[in-house]
1. Find the helices (runs of 4 or more DSSP H) located wholly in segment 295-380 whose residues include 2 or more that are surrounded by fewer than 15 Cβ atoms within 10 Å (Cβ to Cβ), among the β-branched types (Val, Ile, Thr) and in contact (Cβ under 8 Å) with a residue 40 or more places away in the chain, and list them.
2. Look through SER256, SER198 and report the one residue that is at negative phi, in contact (Cβ under 8 Å) with a residue 24 or more places away in the chain and part of a loop (DSSP other than H, G, I, E, B).
3. Among the listed residues ALA163, ALA226, ALA153, identify the single one that is buried (at least 16 other Cβ atoms within 10 Å of the Cβ), farther than 27 Å from GLY327 by Cα, among the hydrophobic types (A, V, I, L, M, F, W, C) and within 18 Å of the chain's Cα centre (by Cα).
4. I need the full set of residues from segment 99-140 which are under 18 Å from the mean Cα position of the chain (by Cα) and either aromatic (Phe, Trp, Tyr) or not assigned by TED's automatic domain parsing to the domain that holds ILE187 (or both), in order please.
5. Please specify each residue of segment 1-24 satisfying the condition of being outside any helix (DSSP H, G or I), among the charged types (D, E, K, R) and under 18 Å from ASP41 (Cα atoms).
6. Of all residues in segment 237-253, count the ones that are assigned to a helix (DSSP H, G or I) and either in the same structural domain as ARG339 (by TED's automatic domain parsing) or surrounded by 16 or more Cβ atoms within 10 Å (Cβ to Cβ) (or both).
7. Would you point out the residue of segment 201-232, among those that are part of a helix (DSSP H, G or I) and among the acidic types (Asp, Glu), that is nearest to ASN165 (Cα to Cα)?
Amino acid sequence: MRFHSTVSENPSSSDAIQEVVADAREHVKDIDIAFVFFTADHRDDADEIAERIWLELDPQAVIGCSGEGVIGGDREVERSPGIALLAGSMPGVRIHPFHIASDDWRRMIGERDALIERLGHNESTRTIIGLGDPFTTPLSQFMPALDDVSPNAALIGGMASIARNPGENRLIRNDATHDDGFVGVSISGPIAVQSIVSQGCKPIGQPWVVTKATENTIEQLGGKRALEALREVVSSLDESDQALLQNGLLIGRAVSEYREKFSRGDFLIRGLMRVDQESGSITVADYVRVGQTIQFHVRDAATADEDLRFMLDPKRAVESGDEASAGGLLFSCNGRGTRLFDAPNHDIAVAHAQMPGVPVAGFFAAGEIGPVGGKNFIHGHTASFALFRAKHNT
């Protein structure tokens, strides 16, 4: 198994495609799969990107999408033209590409067998890599359906991120482009795919139990008005944590409320949408229910760096029967990069420091997809990885 990651910042789409294709062909023979990501500068040439990668690399499958920024080689390309490519040779691995269009969702979500067939899922499926258009992908219905049909194969990916309106994103499946829905590949056979979700947020205050809530509005925490609990947390912060509030306040929802103590990776981070001064309620970007545990969080570059290094520690990575990572995909929140860190190329630099020689490519997403606690979720503020390894014990 062999992968190669490459990126071009050439503003000419034709020249950029030529550069990444030539680089991939030089480093990987018999390419089976290609993942391609491109900025808005190349959106109008998406058809050419798809066709040339399909014809010139001759893989079994290609998937890709448009992104606010792209990641490849040793660079994170932000706010400038870029095309990134991860090409891989995966002998003996079955790769099934798919596209779910807007008008397919009702059937895919409602008919279990239809979804299994579209995904190409079977008992040896190890993972599904997926890229979606956020305007036309009902993730809140799709992910539970996927949990049902594929409980042992996680969904890892990200949402295309250049569009302000429906129809402006571009998705690639093999030699075709789409402006709606969801594209992906199911990967089956002698391969291990490790998912890593690293959240760039710091918990503040104490955990609280939701004692009154309606849909996505928290009315009471620990028997107090939610706003009162929030003020209690804020007033207890030291000066440095008070400063972090300027980056925005977030809420972490515990994956399981049955834990006595909560630590790294136990919370799903969600945005705080509105605070109602009159009622004292807090509205969040997720459904909540009585009995769930939440904790307030803030975005923090130091915590994000520490968490990513911990999650990518090679001592945690290799299971019995697995080889070291041969390559990886990185789906980084478009609020990370230089919007969060003082220096550019942070996430890819940490990946290379923790996994020397492992080629990684990806893009800055409008939502990152990865499993937590055995369930698939859409995230924000995270770096979500898919790491590919040859597996001999199948």
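1. No helices (runs of 4 or more DSSP H) qualify here.
2. SER256
3. Answer to the check: ALA163.
4. PHE135
5. Within segment 1-24, just GLU9 meets the criteria.
6. Of the residues in segment 237-253, 3 are assigned to a helix (DSSP H, G or I) and either in the same structural domain as ARG339 (by TED's automatic domain parsing) or surrounded by 16 or more Cβ atoms within 10 Å (Cβ to Cβ) (or both).
7. Looking at residues that are part of a helix (DSSP H, G or I) and among the acidic types (Asp, Glu), I get GLU228.
To keep it simple, each residue is scored yes or no on (1) buried (at least 24 other Cβ atoms within 10 Å of the Cβ); (2) not charged (D, E, K, R).
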{"position": "SER13", "(1), (2)": "no, yes"}
{"position": "GLN18", "(1), (2)": "no, yes"}
{"position": "ILE49", "(1), (2)": "yes, yes"}
{"position": "TRP54", "(1), (2)": "no, yes"}
{"position": "VAL62", "(1), (2)": "yes, yes"}
{"position": "GLY69", "(1), (2)": "yes, yes"}
{"position": "GLU76", "(1), (2)": "yes, no"}
{"position": "VAL93", "(1), (2)": "no, yes"}
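The values are calculated or read from the model by the stated rules, or taken from the named source; none is laboratory data. This is a predicted model, so every value here is computed, not measured. Quick reminder, even Gly has a Cβ in these numbers, built from the backbone with ideal geometry, and neighbours come from all protein chains shown.
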